[in-house]
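Q: Provided herewith is a single structure, encoded as structure tokens, for subsequent inquiry.
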Amino acid sequence: MIKKIAIVFSIILAFILGLFVEKNFDPSKITEVQSVTSENIRLGGYKYVSPLLECEQHEGLGGANLTKLEVRLNDYVDSKKATGELVDAAIYFRELKDGGWFGINEREGYTPASLLKVPVMLAYFKAAEEDESILDNPNIFMNETEVIDQEFDPQQSLEVGKSYTNMELIERLIKYSDNDSLVLLGRDISSEKVEELVRDIGMTKQVNADENNISVRSYASVFRVLYNASYLSAEYSEKALSLLADSAFVKGIRKGVPENIEVAHKFGQRDINGVGVKQLHDCGIVYHPNGPYLLCIMTRGYDYDALGEILADISKTTYDSYSSKD
């Protein structure tokens, strides 16, 4: 049983990490800042999602404001690199209702780490649309596997000998980013389901000989399909975002936003091969009063605390700029 669980766990991660190579991409057709105004018809009645029923886009007038924010964030990243607090960073911003967006190094590859727990949740919810009983299946935690150490330990750990349903494990997976829950969830999800999800939502990897990397722009597709309820049903998209809004990680994007503002987000961290260069990322949706926006930030540096503050600063600058619209 121990070996079986470990094998299933590795298969799931292999399929998630072995993401699909982006094809037919022509950089000359993409400008750094895109601003559009959308005439959208959306289904109401939900807190976190806004299912898209019909969309008609045309060129808008928001480009100047987005450019100002992009310049501010680019200057901030350069200043932190100059002091040595930051090796590099990538940022992707998108207004979810109007569609205006910009990217800074948005195609640079980073190790996604725990960001990949979100696709596991979505694969389960997709399966639950056909058979909800999969969420009720019990799993007994026997502490029979070893997983990657976590810099940010879960605030609650699984109890040895206790049974958990898959839904309870998914909640812990997202709220606490618990690796043990990820291992147990490998029992009931097939690699084909995860592969199908990754393909369908458009997550793609950067081609890299050494690591399976992903860009902020590619990963952002997870939150776009959730907000638009374009992959899962509106009910399961709402459930997924409500879990992400309950994340116990209060650094990063969450720290840069007022406490009364909802943030549905997921962080990831990794110290590759113990070489000293650490990675800390945070991606999610900020439910700003002026309209929800998607912010995805990936960073490399030498100190997790410093990287956490950089994530928070970028989040605050974005929130404040979006508040004043200047």
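Q: Would you mind working out the magnitude of the charge dipole of region 169-253 relative to its Cα centre, with +1 at each Lys and Arg C-beta and -1 at each Asp and Glu C-beta, to the nearest 20 Debye?
A: Dipole of region 169-253, to the nearest 20 debye: 260 debye.
Q: Okay, moving on. For region 247-319, what is Rg from Cα atoms divided by 2.2 N^0.38 Å, rounded to two decimals?
A: Taking the Cα Rg and dividing by 2.2 N^0.38 Å, one obtains 1.11.
Q: Another question, if that's okay. Any idea how far apart SER324 and GLU132 come out in nm if each label point goes 7 Å out from Cα toward Cβ?
A: Once both label points are built, they end up 4.9 nm from each other.
Q: Go through LYS80/LYS193; LYS47/LYS255; LYS239/LYS278; LYS81/LYS239; LYS47/LYS316; LYS68/LYS126 and tell me which ones have a Cα-Cα distance over 30 Å in this structure.
A: Pairs exceeding 30 Å: LYS80/LYS193; LYS239/LYS278; LYS81/LYS239; LYS68/LYS126.
Q: With r defined as the distance between the Cβ atoms of GLN156 and GLU259 and R0 fixed at 25 Å, what FRET efficiency is calculated, to the nearest 0.05?
A: Efficiency at R0 = 25 Å is approximately 0.70.
Q: For MET167, MET203, which order do you get if you count the other beta carbons within 10 Å of each Cβ and list the fewest first?
A: Sorted ascending by nearby Cβ count, the order is MET167, MET203.
Q: I'd like the Karplus ³J(HN,Hα) series for region 178-186: coefficients 6.51, -1.76, 1.60, θ = phi - 60°, whole numbers in Hz, and an x wherever there's a Gly or Pro.
A: 7, 5, 4, 5, 4, 4, 5, 5, x
Q: Separate question: List, in order, the whole-Hz ³J(HN,Hα) value for each residue of region 215-225 obtained from phi through the Karplus relation with A = 6.51, B = -1.76, C = 1.60 and θ = phi - 60°; use x for Gly and Pro.
A: For region 215-225, the Karplus curve yields 9, 4, 5, 5, 5, 4, 4, 4, 6, 5, 5 Hz.
Q: Per-residue HN-Hα couplings for region 115-120, Karplus 6.51 cos²θ - 1.76 cosθ + 1.60 at θ = phi - 60°, whole Hz, x for Gly and Pro?
A: Along region 115-120, the couplings run 4, 6, 6, 5, x, 5 Hz.
Q: Order these by the 10 Å Cβ neighbour count, fewest first: THR83, THR67, THR318.
A: Starting with the residue having the fewest Cβ neighbours, the order is THR83, THR67, THR318.
Q: What residues have an amide H closer than 5 Å to that of TYR164, excluding those fewer than 5 places away on the same chain, when H is modeled at 1.01 Å from N in the peptide plane?
A: When sequence neighbours closer than 5 places are left aside, the close amide H contacts are ASN139, ILE140, PHE141.
Q: If each of ASP200 and LYS81 carries a label point 7 Å out from its Cα toward its Cβ, how far apart are those two points in nm?
A: 3.8
Only the coordinates and a few stated rules stand behind these numbers; no lab work does. Since this is a predicted model, take the numbers as computed values, not measurements. Quick reminder, even Gly has a Cβ in these numbers, built from the backbone with ideal geometry, and neighbours come from all protein chains shown.
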